[in-house]
Amino acid sequence: MSFKSFKLLKTKMSLFPLYDILNKEYPEKDLSIKQKEEFVSKIEKIDDTGKDLVYSLIQFYRIENENEKLSEALPYKGIRETTSEKGKEDLSWCFTDFPIKLRHILHTFIKMHVQSMEEEKLRQDRLIV
């Protein structure tokens, strides 16, 4: 591979491989009602790692697609609330405020992450028995 080819390949890859995997061609059509309901029910099940990755995907999408720099302000009308005794912030968004492609990305990620969590729990349960 020549240096020029490597440089071109490198510029097409982002610094966030998860985003690269999820950022594929999606229909321009919005998610179905069933998919939106599935997203809402599954996002309530995710762990802190999943929540951090959702936030990262939202921020990275904004930077990649809207030519904005990372800032303290939450994109897409996000709301920051301090609720826990540790002072940890809870972040929330209205799903319909996201662009359609980002909705598809988040829906795909949530399905994958919840499945991964369930598989890990099964592995742990088998080890205990």
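Read the figures in this text as sums done on the coordinates, not as results from a lab. What you see is a predicted model, and the numbers here were worked out from it, not measured in a lab. Cβ: placed from backbone, ideal geometry, glycine included. Neighbour counts: every protein chain shown.
Here is how the numbers come out for the structure above:
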{"read-out": "Spacing of the two label points (7 Å from each Cα toward its C-beta) at Gln124 and Ser41, in nm", "value": "2.3 nm"}
{"read-out": "Total charge dipole magnitude, segment 31-128, about the Cα centre, Cβ charges on Lys, Arg, Asp, Glu only, Debye to nearest 20", "value": "280 debye"}
{"read-out": "Backbone HN-Hα couplings from phi across segment 40-47 [Karplus 6.51/-1.76/1.60, Hz, Gly and Pro as x]", "value": "4, 5, 7, 5, 5, 8, 6, 7"}
{"read-out": "For Asp30, net neighbour charge (Lys/Arg +1, Asp/Glu -1) across residues whose Cβ lies under 11 Å away", "value": "+3"}
{"read-out": "Around Arg80: net Lys/Arg minus Asp/Glu count, Cβ-Cβ under 12 Å", "value": "-2"}
{"read-out": "Exposure proxy ranking, count of Cβ atoms within 10 Å, fewest first, for Tyr76, Tyr19", "value": "Tyr76, Tyr19"}
